[in-house]
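Structure record follows, encoded as structure tokens.
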Amino acid sequence: MRDAFIRTRFALRPLALALPVALLSLVSTQAHAETSATSEQPGSHKRYYAIAAGSLVSVLNSFAEQAGIFLAGHNDLASDKRSPGLDGEFTEQQGLQQLLQGSGLQAQPLGERGYVLKSTPAAQGPLELNATNISGQALGAITEDTHSYTTGSTSSATGLPLSLRETPQSVTVITRQQLDDQGSTSIADALRRVPGISVQNYDSERWEFSSRGLPITNFQYDGVNTDYDGVYDYGTTSTDMATFDRVEIIKGATGLMTGSGDPSATVNLIRKRPTQAFKASITGAVGSWDNYRSTGDIAGPLTEGGNLRGRFVGAYQDRSAYLDNYRNTRDIAYGILEADLTPDTLLTFGIDQQNTRSRGASWTGFPMYNSDGSRTRFSRSFNPATDWSRRDFTNQTIFASVQQQLANDWTLKVSYDRKHRQHDTFLASASGGNPDPVSGNGMFMYMGQFKGDQVQDNLDVNLTGPFRLLGREHELIAGVMSMNTRQDIPVHGSIYPPVDGSIYDWRGEFPKPDIAKVGDNDIVQRQAGAYLATRLKPTDDLAVILGTRVSQFKADDDLDYSNPNTPDLHDSYHQTGVVTPYAGLVYNLDETYSVYTSYTSIYQPQMSKDAQRKLLDPVEGDSYEAGIKAEYFGGRLNASFAVFRIEQDNLAEYVSGVDSESVYRAVQGATTKGFEVELAGEVMEGWNLSAGYSYNHTRDAKGDYVYGSILQTTAPQQVVRVFSTYRLSGALEKLIVGGGVNWQSEFFGNVFQPNPNDTVNFGQPSTITQQSYALVDVMARYRFNDHLSTTLNVKNLFDKTYYTGLGNFGTGFYGEPRSLQLTTRWDF
């Protein structure tokens, strides 16, 4: 038994192989002749692997043992090299190719279950190993340099590394290639083109993203939760995309990994990592409205043996906009180091810094009605903000982790993340009131000074690995986490002076006032939890995923006024023992298709208050999903169809008030149901496609629309997102062309409409409808040589006029007109 075990280990020995090369060649030839007559060649069956990155020797040892193969070679070939590891289902050949990627080595077949490790000839390039997918390369989790619109593995939903087909929830991935093809430089650029996602503006700086008819409030960076309230924002919705490899959007509730189970979606931004081999690029872009951007990216080994690797990404952008008197600058610096402390110990340390400064930043949009009840007709370039109105964000994240490979392919990982986020905001926007349709008089300013200093500490410790039960192998993850967020907010308050003169003569000029500080607001939020999930494999075709999380939530909101005659305010909540169960089932119908179903509960504390200034009860409910998934061409193309139902109580809906004094009501019996269909990946060689259609129907217990807690709008019920690129052939093989359509159905906003004939109420709430619309984007990229390429992106090709925000303090906001962006990149 021990001898059989040793034979499956990766034996890197300096001695020659036991059999002469000629005999091995003969065995290999004979085995090929025998297996070619059968329908399934040895090693073509896929199986699941979860092998962490590490030294090449250690990783290949684990793979050979799990695959039951013999892999021979020489010490000097694999020593001092590193492998990215393996996550997902692979054949033997696909697994070996992925593990050896970038190592300069190849594995040549020797007999039925044997391989020999050799250097790749310089003229030959990487060995293809008879891969069964289109490009000849199996996908892993990292999407950079794969030229793909999909990924081979994701762990955002359950913590377990699973392929999209194995994950019992709807998952959308925006890969690095898709970000570059679409010219997406911010998170808003990226998400507005994602299947199932709709985007609306609060104002010039803040966006609201919705999925399945509900706002998205769960944002993660490398799986680490970020506190997000939608009002102060702290720059979350303007995050730059230069530092990320991909974005994973898990549709539906994800309480198992996030604690508070937001049932819309969780957006997980995955950072770029160091590379095994040197790579570098510089990019320069110029676009409409004096938009200038430059980016530098360099990565690779920092020592001769490659046991220390690093990456640095820097970006700077200076732009105006289609809005008058607006300017925005952004600078990003990102650095990360990976060090192999031992062959089984990986240390990661990084810093991510993003600074954003805006001038001419608006607070809400423009009024929708004149004083006589008629509709206003402002131009798309109208900016109600003063030229000095600002929103400045500073975000810094320091993160570190230690990943230890244990015996029997178990892994212990300890991660720490510290975010320090600040905003300095002084807003003045001529958005209040309703103008006289002739003179333009009657408007007033929304003006306020706001600052915030937030520190968030996150700690996560988890243990993952396989185990055997009843003669079969299964996977398990167990962990504990803690999130502690502290906000220090000096309270200056708001004032509402009248606009001097006609709004039609507005040029952004208004004296800057001195708004006195009136108090201090300290907010502390804590969340701690323990989670456990397992993927059981009763049969080869059936996977059962069971998980649970036990959480504790605590928050204190203290508002202390400087005036001793004004009573201080204190709000708090404390919930312990909150259990969030998760259950999923995936059944493989055949090698291509799987059916699945999943369930999880919803629990989300909230700080929204009712008219009596009492906190609303936590949002509670259930989320159900079922569907079918397909995996074509070895996972290079993924398809899914999902139906879902979400039931919730205590949803916060805006009633009245301004900002921190806002009043909300709790909506009971809110039910969302619908379906989604999506296709993403490589349809054929050189043809990438991302396409999806989603439908949702959200109503409360009375059958009425459910409006947002900040934007008083509904989300569109139907969303279509299509984007595709194609690499031409022949004389035009250096040219890639692409385009897409973004269509969404109508949505509604609640806005106050004046009525000069009503002397009692002076008006009434009115519903404004943004009719369905479609935006068309096109692109073209020409690669001059291996180093130089240029990309042209045209967004909103037909210059469609539409509202992208309604109902924020009764105002509206136009979407971006047609824009052009020309990007040139040099790869070293």
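The values are calculated or read from the model by the stated rules, or taken from the named source; none is laboratory data. Predicted model, so just to flag it, every value in this text is computed and none were measured. Because the Cβ atoms are built from the backbone with ideal geometry, glycine has one as well, and the counts that use them run over all protein chains shown.
Within the range 669-681, is there a residue that is buried (at least 18 other Cβ atoms within 10 Å of the Cβ) and acidic (Asp, Glu)?
yes
State whether the residues of the range 716-734 include one that is among the small types (Gly, Ala, Ser), buried (at least 19 other Cβ atoms within 10 Å of the Cβ) and in contact (Cβ under 8 Å) with a residue 12 or more places away in the chain.
There is no residue in the range 716-734 that is among the small types (Gly, Ala, Ser), buried (at least 19 other Cβ atoms within 10 Å of the Cβ) and in contact (Cβ under 8 Å) with a residue 12 or more places away in the chain.
Within the range 506-554, work out how many residues are crowded, with 16+ Cβ neighbours inside 10 Å, among the small types (Gly, Ala, Ser) and outside any strand (DSSP E or B).
Total satisfying the criteria: 1.
Can you tell me which residue in the range 653-687 is nearest to Leu637 (Cα to Cα), limited to those that are modelled with pLDDT under 85 and among the aromatic types (Phe, Trp, Tyr)?
Tyr654
Output yes when any residue across the range 435-449 is touching an Asp or Glu at 6+ places or on another chain (Cβ under 8 Å) and without any contact (Cβ under 8 Å) to a residue 60 or more places away in the chain, and no when none is.
no
In the range 227-248, which residue that is in contact with a Lys or Arg (Cβ under 9 Å, 6 or more places away or on another chain) and of a type in the set (S, T, N, Q) is farthest from Gly452 (Cα to Cα)?
Selected residue: Thr243.
Here are some residues: Glu685, Glu647. Which one is of a type outside the set (A, V, I, L, M), farther than 18 Å from Ser211 by Cβ, in contact with a strand residue (DSSP E or B) (Cβ under 9 Å, 6 or more places away or on another chain) and surrounded by fewer than 17 Cβ atoms within 10 Å (Cβ to Cβ)?
Glu685
Can you tell me how many residues within the range 779-819 are under 17 Å from Asp203 (Cα atoms), assigned to a strand (DSSP E or B) and hydroxyl-bearing (Ser, Thr, Tyr)?
The number of residues fulfilling the criteria is 4.
Looking only at the range 536-556, count every residue that is farther than 29 Å from Asp229 by Cβ and either polar (S, T, N, Q) or in contact with a Gly (Cβ under 9 Å, 6 or more places away or on another chain) (or both) and tell me the total.
Looking only at that region, the number is 5.
Could we say that Leu427 is under 28 Å from the mean Cα position of the chain (by Cα), part of a strand (DSSP E or B), hydrophobic (A, V, I, L, M, F, W, C) and at negative phi here?
No: the conditions fail for Leu427.
Filter the range 463-493 for residues that are among the β-branched types (Val, Ile, Thr) and more than 16 Å from Gln422 (Cα to Cα); which is surrounded by the most Cβ atoms within 10 Å (Cβ to Cβ)?
Ile477
Are any of the residues in the range 245-253 out of contact with any helix residue (DSSP H, G or I) (no Cβ under 6 Å at 6 or more places or on another chain), in a loop (DSSP other than H, G, I, E, B) and surrounded by 22 or more Cβ atoms within 10 Å (Cβ to Cβ)?
yes
Okay, residues lined up against (1) surrounded by 17 or more Cβ atoms within 10 Å (Cβ to Cβ); (2) in contact with a strand residue (DSSP E or B) (Cβ under 8 Å, 6 or more places away or on another chain); (3) within 30 Å of Gly708 (Cβ to Cβ):
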| site | (1), (2), (3) |
| --- | --- |
| Thr790 | no, yes, no |
| Tyr803 | yes, yes, yes |
| Gly810 | yes, yes, yes |
| Arg818 | no, yes, yes |
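Among the residues in the range 659-675, are any in contact (Cβ under 8 Å) with a residue 60 or more places away in the chain and either under 30 Å from Thr146 (Cβ atoms) or within 24 Å of the chain's Cα centre (by Cα) (or both)?
Among the residues of the range 659-675, at least one is in contact (Cβ under 8 Å) with a residue 60 or more places away in the chain and either under 30 Å from Thr146 (Cβ atoms) or within 24 Å of the chain's Cα centre (by Cα) (or both), which makes the answer yes.
Here are the criteria: (1) surrounded by fewer than 16 Cβ atoms within 10 Å (Cβ to Cβ); (2) hydroxyl-bearing (Ser, Thr, Tyr); (3) under 33 Å from the mean Cα position of the chain (by Cα). Tell me which single one Tyr496 does not satisfy.
(3)
Looking only at the range 339-380, count every residue that is modelled with pLDDT under 95, basic (Lys, Arg) and in contact with a Lys or Arg (Cβ under 9 Å, 6 or more places away or on another chain) and tell me the total.
Counting residues in the range 339-380 that are modelled with pLDDT under 95, basic (Lys, Arg) and in contact with a Lys or Arg (Cβ under 9 Å, 6 or more places away or on another chain) gives 0.
Taking into account only those residues within the range 603-644 that are of a type in the set (Phe, Trp, Tyr) and part of a strand (DSSP E or B), which is surrounded by the most Cβ atoms within 10 Å (Cβ to Cβ)?
Taking the candidates together, the pick is Phe644.
Filter the range 411-460 down to the residues that are charged (D, E, K, R) and surrounded by 20 or more Cβ atoms within 10 Å (Cβ to Cβ), then identify the one that is farthest from Phe813 (Cα to Cα).
Filtering first and then ranking leaves Asp460.
Would it be correct to say that Gly310 is farther than 27 Å from Trp388 by Cβ, not in a loop (DSSP other than H, G, I, E, B) and not acidic (Asp, Glu)?
Against the criterion (farther than 27 Å from Trp388 by Cβ, not in a loop (DSSP other than H, G, I, E, B) and not acidic (Asp, Glu)), Gly310 qualifies.
For Ile174, only one of the following conditions fails: (1) part of a loop (DSSP other than H, G, I, E, B); (2) at pLDDT 85 or above; (3) farther than 26 Å from Trp410 by Cα; (4) of a type in the set (A, V, I, L, M). What is its number?
Unmet for Ile174, out of (1) part of a loop (DSSP other than H, G, I, E, B); (2) at pLDDT 85 or above; (3) farther than 26 Å from Trp410 by Cα; (4) of a type in the set (A, V, I, L, M): (1).
Out of the range 626-658, which residues are over 25 Å from Asp704 (Cβ atoms) and either in contact (Cβ under 8 Å) with a residue 60 or more places away in the chain or in contact with a helix residue (DSSP H, G or I) (Cβ under 6 Å, 6 or more places away or on another chain) (or both)?
Passing the criteria: Gly627, Lys629, Ala630, Glu631, Phe633, Gly634, Gly635, Arg636, Leu637, Asn638, Ser640, Ala642.
Every residue in the range 451-493 that is within 28 Å of the chain's Cα centre (by Cα) and of a type in the set (Asp, Glu), please.
Asp453, Asp457, Asp460, Glu475, Asp488
Does the range 753-767 contain any residue that is of a type in the set (Val, Ile, Thr), buried (at least 17 other Cβ atoms within 10 Å of the Cβ) and in a strand (DSSP E or B)?
no
Which number in (1) touching a residue at least 40 places away in the same chain (Cβ under 8 Å); (2) part of a strand (DSSP E or B) marks the one condition that Arg357 misses?
(1)
Restricting the range 360-393 to residues that are assigned to a strand (DSSP E or B) and hydrophobic (A, V, I, L, M, F, W, C), which is surrounded by the most Cβ atoms within 10 Å (Cβ to Cβ)?
Going through the qualifying residues, I end up with Ala385.
Determine which member of the set Leu24, Leu19 is part of a helix (DSSP H, G or I), modelled with pLDDT under 75, surrounded by 13 or more Cβ atoms within 10 Å (Cβ to Cβ) and over 31 Å from the mean Cα position of the chain (by Cα).
Just one listed residue meets the conditions, Leu24.
Hey, could you check the range 688-737 for residues that are of a type in the set (Gly, Ala, Ser) and modelled with pLDDT of 95 or more and say which is farthest from Leu214 (Cα to Cα)?
Ser724
Taking the residues in the range 285-319 that are over 26 Å from the mean Cα position of the chain (by Cα) and of a type in the set (S, T, N, Q) as candidates, determine which candidate is surrounded by the fewest Cβ atoms within 10 Å (Cβ to Cβ).
Thr303
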